[in-house]
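The values are calculated or read from the model by the stated rules, or taken from the named source; none is laboratory data. Everything numeric here is computed off the predicted structure, so don't read it as measured data. The accessibility values were calculated without ligands, DNA or RNA, using every heavy atom of the protein model including side chains. Shrake-Rupley method; radii C 1.70, N 1.55, O 1.52, S 1.80 Å.
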Amino acid sequence: MSVVMDIVATYRGPAQVLRRFAAAGQREDRAIAILMAGCAVVFVSSWPAAAREAHLTGQDVGMLLGGALFAWLFIMPLVLYGLAFLVWGGFRVLRSKAEPWALRLALFWALLAASPLMLLHGLVRGFIGEGTPQMIVGALWFVVFMWFWISGSRAAAKESASDGD
């Protein structure tokens, strides 16, 4: 399936998409590609807000975008790998046999699958500015992201538990 079709399918049922990914076996190349694509889309979503801020404050838009590029394509992948490690540790404390790579994939896929809402958030922030509409879209993105992440993590844990039996 194409990435776009997988994203659409995730909005219908995130657990099924993660189960299909897990059935393909451990693919760290796929996980890092998904992570980098998600971070790249979030970086692109920051463009309208950076352009607005540069226009309103007189700052150089290149500097603003350079900072966002560094943050989203170099720092955030490391932060997200660390977060995935912490989540795996939490699952271990709960005596789950969830595979670390499956939990990483669930987090990374949640970021990429919720990215259309992040693009909308960037547009709202860039064209309307900060305020209630931006907060509503941001909250909607967060809820959808958490839904995808929790559903995917639970599917990964169940898949690992059924493999162990």
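Per 0.36 nm of contour for each residue apart, how much would the distance between Asp29 and Asp6 grow if the chain were fully extended, relative to their Cα-Cα spacing?
Details: separation 23, 0.36 × 23 = 8.28 nm, distance 1.73 nm.
The span from Asp29 to Asp6 would gain 6.6 nm if fully extended.
Probing with 1.4 Å while keeping every protein chain in the model, the per residue accessible area of segment 38-101 equals 62 Å². Surface composition of segment 1-125: carbon and sulfur atoms hold 70% of the protein heavy-atom accessible area at a 1.4 Å probe. Sorting Lys158, Lys97 by solvent-accessible area of protein heavy atoms yields Lys97, Lys158, largest first, with a 1.4 Å probe. Estimated from helical segments only, the mean residue ellipticity of the chain at 222 nm is -27500 deg cm²/dmol, where each DSSP H run of four or more residues counts as -39500 (n - 2.57). Just to be sure I understand the curve: with the Debye formula and one point per C-alpha of the chain, what is log10 I(q)/I(0) at q = 0.10, 0.14, 0.15, 0.18 Å⁻¹? Debye curve over Cα of the chain, log10 I(q)/I(0) at q = 0.10, 0.14, 0.15, 0.18 Å⁻¹: -0.41, -0.74, -0.83, -1.09.
Angle of helix 100-113 to the longest C-alpha principal axis of the chain, folded into 0 to 90 degrees and rounded to 10: 40°.
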